[in-house]
Amino acid sequence: MESLVQHLSARWSLGPWGQELLAAAAILLVAALVFVVALTYAGIITWVERRVAGRTQSRVGPNRVGPFGFLQWLADGAKMILKEDVIPAQADGPMFRLAPYACMLGVFTAFVSVPFGQLLIAADLNVGILFLLAITSLVVVGVLMAGWASNNKWSLLGGVRSAAQIVSYELPAGLAVLVVVLGAGSLSMQDIVRAQGGAPWNWFVFRDPFCLVAFFLYFTAAVAEGNRTPFDLPEAESELVAGYNTEYSGIRFGGFFLGEFANIYLLSAIATSLFLGGWQVPGVSPAEQAGSVWLQLLGFAIFFAKAWALVFVVVWLRWTLPRLRVDQLMGLCYRYLIPLAFACLLGTSLLLLAVVPGSALDLGLRLGTTGLGALGGALFAWRVAHHIRRAGDRVSLDVLQRGARGAFDPAWQTRRYGAFRKAARGQEER
Amino acid sequence: MGALASYLRAIGRTVLSVGDGLAVTFSYLLRAPVTLQYPDRMRVPVIELLPERSRGMLEVDLDLCTGCAACDRACPIDCIALEVVKHAERGRLIQRFDIDLGKCMFCGLCTEACPTGAIRHSHEFEGGTGDVRALVVPFVDAPRQPAKAKQEPPPAPKPLGSILRARMPGPWDRPRPPARPEGGEHAG
């Protein structure tokens, strides 16, 4: 971006003031672009979430607004903007109003140093990953502010829980990131991506078994930091009504909501850049990629696909696992994640000393870990196949299907409920 | 050693059970949803899918009604208003046969009392209306002679629901969005 500003100012022969103005305009433009992209992603994730939730529960999910209900998030956004913004009489007004912004700020600012592509990064900071870890902590401030300012017991409990949770889970997340930083030798996001390769065995996740564990540790900790189920204690609806955002309505609630959903993309994007090779195209070196627009676009598409796959995993996780108890949450963090993260850090450090990069041992370790990952994937596929077989004729591979395929088909109904009736009759007889 | 073993076992169990849980939910992503998108995206209208003996809104076939008022007496909530008058020349005349479907509780006692099967449950159930008075359905327009108990030949049976549909403004009269085949997925 700097080179572009210099180029343009030289071409238009601008003075120093003109240069400054041009730079400011460019920064504003990029900031607006990042903001819009983050908002759009957050909105689309709400749609993905609802569709996946629907299918997980044998429902359809939103399917009326636009193709497959894809524009539902726009309708929801319009609804939120139009709703009344209620501020409770006993609330701490200014703080109450400010809290959603702090929450959004923490997430949206972080998008600045996410490498969407080799050249698609708003600011490649030399402390990139440190910046990301630090700026996302701002969310805690927002949540605590909301909890305190609402003057409501549920909000306060939610805020305090959130503070305890996020602060705790930053430790394993930071340690897991440190494993990657050790391997890359840099804190800059682009350097970390460049230190990897396009092929899976060149990704950091499959560099050695410790990195594989570190990936899962980071992912778990990041999901917990994002207040997502199964770690959504700050807004546990069955205990705390809605936690820290109980008193919020309209677009202020929307602020928290968007921040949370943008955070899902953020954590997926960070995990992609750190562990899954980011924008690296298989078989193409970063230097080659820099020379071609098409390879650039391909790199962006690859990053996009990986990040959205992880977004899907986060959503899928939410509709699978029940919420943890507070003591279980803390136990998981301090008794399991942190010791494991330290073990990974130690293991990777020792391997870095023992294994020469590029040697046969290094390649063997990489391929072995990739094989381990593939084995896990195969095991998982086998379990899925097992559960699909149990579903019998209810299987439909049309993922975007609208629903009601077999409903009111008498034969299907008999198959579905006949067994149930028979079981009920058997119980009566007993 | 026991403590470490149980610690590691806990980790293994967690990983396996979370993995299997994810496999279960993933398999659900590949199952057909059971949602019925009533009313506008049904493959077959619901009314054609109801069981034969389901009790929908009442209707009266006056070609069969003898005016005996057994249904009126049987009705526990008096939703049937039946008036039979004596005319000097034409004899007994059914002057009024109104059923207040807003009150009807679909108990079916009137259909059991009816000796000729004139009053019966149709399968119609979509009676939503903006005005509760629209639910009082008159089955007699002008005073008419009741049917004989034993008619020769017996009148042809009318299709279920046809009498009610002709008498009552209902959703069947409103314009409907064209029914969509359920397989194709397009903008709603």
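The values are calculated or read from the model by the stated rules, or taken from the named source; none is laboratory data. All values reported here derive from a predicted model rather than from experimental measurement. Cβ coordinates were reconstructed from backbone atoms using ideal geometry, including for glycine residues, and neighbour counts include every protein chain displayed. Areas reflect the complete protein model, heavy atoms only, side chains present, ligands, DNA and RNA absent. Shrake-Rupley method; radii C 1.70, N 1.55, O 1.52, S 1.80 Å.
Criterion first (within 14 Å of chain A (Cβ to nearest Cβ) and either modelled with pLDDT of 75 or more or farther than 21 Å from B:Leu50 by Cα (or both)) does B:Ala134 satisfy it? Considered against the rule, which asks whether it is within 14 Å of chain A (Cβ to nearest Cβ) and either modelled with pLDDT of 75 or more or farther than 21 Å from B:Leu50 by Cα (or both), B:Ala134 comes out as no. Restricting attention to segment A:352-384 and to residues that are within 14 Å of chain B (Cβ to nearest Cβ), surrounded by 12 or more Cβ atoms within 10 Å (Cβ to Cβ) and small (Gly, Ala, Ser), the residue that is nearest to B:Ala23 (Cα to Cα) turns out to be A:Ala381.
Kindly evaluate B:Leu22 against the criterion of being out of contact with any helix residue (DSSP H, G or I) (no Cβ under 8 Å at 6 or more places or on another chain), open to solvent by 20 Å² or more (accessible area, probe 1.4 Å) and not β-branched (Val, Ile, Thr).
Details: out of contact with any helix residue (DSSP H, G or I) (no Cβ under 8 Å at 6 or more places or on another chain): no; open to solvent by 20 Å² or more (accessible area, probe 1.4 Å): yes; not β-branched (Val, Ile, Thr): yes.
Spelling it out, it is not the case that B:Leu22 is out of contact with any helix residue (DSSP H, G or I) (no Cβ under 8 Å at 6 or more places or on another chain), open to solvent by 20 Å² or more (accessible area, probe 1.4 Å) and not β-branched (Val, Ile, Thr).
Selection over segment A:54-69 of residues that are surrounded by fewer than 17 Cβ atoms within 10 Å (Cβ to Cβ) and under 22 Å from A:Leu317 (Cα atoms) gives a count of 3. Scanning segment A:58-83 for residues that are of a type outside the set (A, V, I, L, M, F, W, C), within 9 Å of chain B (Cβ to nearest Cβ) and either over 19 Å from A:Val311 (Cβ atoms) or touching a strand residue (DSSP E or B) at 6+ places or on another chain (Cβ under 9 Å) (or both) turns up A:Ser58, A:Arg59, A:Asn63, A:Arg64, A:Gly66, A:Pro67. Here A:Ala89, A:Ala78 are screened, and the one residue that is open to solvent by 20 Å² or more (accessible area, probe 1.4 Å), free of Cβ contacts under 8 Å to residues at least 12 places away in the same chain and part of a helix (DSSP H, G or I) is A:Ala78. Restrict the check to segment A:167-188 and report whether at least one residue is in contact with a Pro (Cβ under 7 Å, 6 or more places away or on another chain) and either of a type outside the set (A, V, I, L, M) or under 19 Å from A:Leu233 (Cα atoms) (or both). Looking for residues that are in contact with a Pro (Cβ under 7 Å, 6 or more places away or on another chain) and either of a type outside the set (A, V, I, L, M) or under 19 Å from A:Leu233 (Cα atoms) (or both), one finds none in segment A:167-188, hence no. Residues that are farther than 18 Å from A:Ala271 by Cβ, within 13 Å of another protein chain (Cβ to nearest Cβ) and in a helix (DSSP H, G or I) within segment A:298-333 comprise A:Gln328, A:Gly331, A:Leu332, listed in sequence order.
For segment B:9-64, a residue qualifies if it is β-branched (Val, Ile, Thr) and assigned to a loop (DSSP other than H, G, I, E, B), and the qualifying residues are B:Val34, B:Thr35, B:Val44. Just so you know, in segment A:110-136 the residues that are open to solvent by 40 Å² or more (accessible area, probe 1.4 Å) and more than 26 Å from A:Trp294 (Cα to Cα) include one that is nearest to the chain's Cα centre (by Cα), and it is A:Leu133.
Kindly establish whether A:Gly43 is within 14 Å of chain B (Cβ to nearest Cβ), surrounded by 15 or more Cβ atoms within 10 Å (Cβ to Cβ) and small (Gly, Ala, Ser). The answer is no for A:Gly43. Taken residue by residue, segment B:65-79 has no member that is at the interface with another protein chain (Cβ under 7 Å from one of its Cβ atoms) and either in contact (Cβ under 8 Å) with a residue 40 or more places away in the chain or among the hydrophobic types (A, V, I, L, M, F, W, C) (or both).
When segment A:134-171 is examined, which residues are found to be aliphatic (A, V, I, L, M), touching an Asp or Glu at 6+ places or on another chain (Cβ under 7 Å) and within 30 Å of A:Gln190 (Cα to Cα)?
Of everything in segment A:134-171, just one residue is aliphatic (A, V, I, L, M), touching an Asp or Glu at 6+ places or on another chain (Cβ under 7 Å) and within 30 Å of A:Gln190 (Cα to Cα), namely A:Ile166.
Counting just the residues of segment B:35-84 that are among the aliphatic types (A, V, I, L, M) and exposed (fewer than 13 other Cβ atoms within 10 Å of the Cβ), which one comes out farthest from the chain's Cα centre (by Cα)? This residue is B:Ile77.
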